[in-house]
1. Quick one: would you say Asn216 is more than 15 Å from Trp180 (Cβ to Cβ), surrounded by 15 or more Cβ atoms within 10 Å (Cβ to Cβ) and free of Cβ contacts under 8 Å to residues at least 24 places away in the same chain?
2. Looking at region 99-125, which of its residues are surrounded by 14 or more Cβ atoms within 10 Å (Cβ to Cβ) and out of contact with any strand residue (DSSP E or B) (no Cβ under 7 Å at 6 or more places or on another chain)?
3. Test Thr397 against the criterion of being β-branched (Val, Ile, Thr) and over 24 Å from Gln313 (Cα atoms), and give yes or no.
4. Looking at (1) assigned to a loop (DSSP other than H, G, I, E, B); (2) under 30 Å from Glu349 (Cα atoms), can you tell me which one Pro203 breaks?
5. Let me spell it out: the conditions are (1) hydrophobic (A, V, I, L, M, F, W, C); (2) surrounded by fewer than 14 Cβ atoms within 10 Å (Cβ to Cβ); (3) closer than 22 Å to Cys320 by Cα, and Cys402 meets all of them except one. Which number is the exception?
6. Going through region 375-416 one residue at a time, which ones are over 29 Å from Ser328 (Cα atoms), assigned to a loop (DSSP other than H, G, I, E, B) and touching a residue at least 40 places away in the same chain (Cβ under 8 Å)?
7. Look through Val337, Val372 and report the one residue that is of a type in the set (A, V, I, L, M), in the same structural domain as Arg427 (by TED's automatic domain parsing) and within 29 Å of Gln290 (Cα to Cα).
8. Check whether at least one residue in region 341-360 is of a type in the set (Ser, Thr, Tyr) and more than 32 Å from the chain's Cα centre (by Cα), and report yes or no.
Amino acid sequence: MPLMIGEMSLAIFFAFILSLLLLASNASLVSKFDTNNTSTPSTPCNPIESSRGKKLETTNVLITGNSTISSPKRTFNLGFVSPGGKSSWYLAISYASIPTPPIVWVANREKPITNLTSTRLEITAEGKLAIIALPSSTVWQSTNTEKARRLLLEETGNLVLLSAKGLIVWQSFDFPTDTWLPDMNITSETSLISWRSINDPSPGLFSLRINPQGFNEFELVYNKSAKYWSTGNWTGNAFSGVPEMTIPYIYKFHFSDPFMPSASFWYTERELDGGLRPPLTRFQVDVDGQLKQYTWTQQNEYWNMFWSQPENQCRVYGLCGNLGVCNSTSLKPCVCVSGFSPDNDHDWESGDYTGGCVRESRGLCEKSDGLVEVGAVEFEGATIVPFVGARSVCERTCLSNCSCIGLFHDGKTNLCKNLYGSLLNLRPLSSDSTFQDVLFVRVPKEGIVRKGVSKSVILIGSIGGSVVLLGLVAGMLLIFRKRRKNGKGMQGDGVFPGLNLKVFTYKELFTATRGFSDKLGHGGFGAVFQGELLDSTLVAVKRLERPGSGEKEFRAEVCTIGNIQHINLVRLRGFCSENSHRLLIYDYMPNGPLKAPPSARGAGDREGEKAEKWFFPPYAAQKIIEGNVAAVVDDRLGSAYDIDEAQRVASVAIWCIQDNEEMRPTMGMVVKMLEGVVEVTTPPPPKLLQALVSGESYHGVQIDSDKGVSSGGDDAGVYSFGSPSSLGNASSPAK
């Protein structure tokens, strides 16, 4: 019996040793596919049963469910995401530490996953990265021919597969989607392609590519064929059509082999002063067809859209589709001509208008069709068939042909132009257009009755805006009287009797402003963004930048602001006070500039009438020019302001009121001056103000021959406005 016990103990001992050896073997196999990242632990390697019951070769499971892999400093995450919270899932790379993080790359953009629980990311036995839907369906896989042994998500956002020798055998930067990150090469073989809509990452109709003929410029194209914007030729250090590239900023641009099929272009970021990391930045071909450049502002937690092209959204080819009318000043840029409706309501609600408009009856044409005047407009797409004939002949010829969609007619020359095909992006004529013919569009009978709608849409209404403005002012006066009578302050539950202010969630405002992407301006206490609520109401959302405001303090101040009413101030609709977020929501005035709303400092600041009375008298201008900005700052602020920022803002203001218009900066340059991208030098005193101070007569503007906009000598990126000592030199916080 003792011998049997000893043999059993020895058997148990050997079994224990064997199990350790098996675990070590598995650990060794996993290490061969080590991700080398700070990540969610990988699932152990397990054999997968095929549908026929045969075991496939052992594979390494990297991601299942909601697990993610992070870059070394946790700037980016790799994982499965569902844009818009719907039932479609995609393997994507997104920013890791940003609220509602933007997605910068999608693997399976054309083949979404419908069942996340049975899906995993693996490195297969063949050494490919693959999305597998169990039991054995491959949704997507990498295209490398050499076997991968390791996976790495780099701090740049590049996902790479490495061979056993550590060489890159595949990388996501070679297969971009809609986003261009620093260090990512765009070649003659690659392009950026927009998402189909804001929640659908499948390829859209807009793309950015290197010109495939000259390899000398970038161009935005519609449906891979129609070019609607370009950078202009490469000059050696910049593109001729993008002068902003010559201003020293956070970027360095690199163009390898320009004018050759092997052309490759990329950009990197400079270190900031003091060795600080540059901000997160990205270029994106948006669903609206514009190329946009964003920079993340950490302090304020929003993406600042620094630059976009084409500047006029209605210049994007085919944006509104057939018989869609474009208005670049509206948050939703497209509407349909009278008698027509969106071809796909869901697409339009998701920001994809390219499907255009169709007859509400869904037919091609009817005998009762007529023609409605749209106005002098521009468009793309239609084929023009000209002939000489009276207006009645012109109309009869068009209406008798079901394919005719509209016409132009010149009464002086009797020249008729019938239109066939598609009328894309109907829009008001640009200032440089020489085309003056009035367009008539074929519409169903019910559309003729409403023909005024089309004209008002095209000729974006000043009358409507005036009515809205007057109505708003009258409404605010009524509300003001009611609040003075009934206002009783704030209750503990966050309700404001008499003020009728809504409490918004941060998520609501993030959605309404499309991630705070449409910046209207920046004031002393924060940036203002345009947004649209669920009921289609346009609002201006002010994101306060003042730290340290507590919940009770902020709500008390909101109550104070709600009681401040002025005919030049828009109505405060509500607020958000969630975690560290402090936001104020105002009515948006689409037909005029948004007056600066009262700041969150309460009634003490007394903005509005007082600012209009004293901010820019001759005395203040003189003190600003002398560098004594403290003399014109409200002494109640004490030291609670940045003297350099105050001097910069005040100097910019003096530049904007120069007598010589050529010396005044453009609004684009004003933004760069205020953001610190361009140095602001001491402005000369405007002659009118000098005359007011000295008591002399003002004799008007005399333009000197050496004034005007000129390049600043031989240094690339140096601009001077007026004389060499006038506005300032372009400079960058990044040396």
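1. Values: more than 15 Å from Trp180 (Cβ to Cβ): yes; surrounded by 15 or more Cβ atoms within 10 Å (Cβ to Cβ): yes; free of Cβ contacts under 8 Å to residues at least 24 places away in the same chain: no.
So Asn216 fails the test.
2. If the condition is that a residue be surrounded by 14 or more Cβ atoms within 10 Å (Cβ to Cβ) and out of contact with any strand residue (DSSP E or B) (no Cβ under 7 Å at 6 or more places or on another chain), then Pro99 is the only one that fits.
3. Values: β-branched (Val, Ile, Thr): yes; over 24 Å from Gln313 (Cα atoms): yes.
Considered against the rule, which asks whether it is β-branched (Val, Ile, Thr) and over 24 Å from Gln313 (Cα atoms), Thr397 comes out as yes.
4. Checking Pro203 against (1) assigned to a loop (DSSP other than H, G, I, E, B); (2) under 30 Å from Glu349 (Cα atoms), the one that fails is (1).
5. It fails just one condition, (3).
6. If the condition is that a residue be over 29 Å from Ser328 (Cα atoms), assigned to a loop (DSSP other than H, G, I, E, B) and touching a residue at least 40 places away in the same chain (Cβ under 8 Å), then no residue fits.
7. Values: Val372 fails: within 29 Å of Gln290 (Cα to Cα).
Within the list Val337, Val372, the selection yields Val337.
8. Restricting attention to region 341-360, the residues satisfying the condition of being of a type in the set (Ser, Thr, Tyr) are 341, 350, 353-354.
Still in the running and more than 32 Å from the chain's Cα centre (by Cα): none.
No, the conditions are met nowhere in region 341-360.
The values are calculated or read from the model by the stated rules, or taken from the named source; none is laboratory data. All figures in this text were calculated on a predicted structure; none of them were measured in a lab. Reconstructed Cβ throughout: ideal geometry from the backbone, glycine too, with neighbour counts over all protein chains shown.
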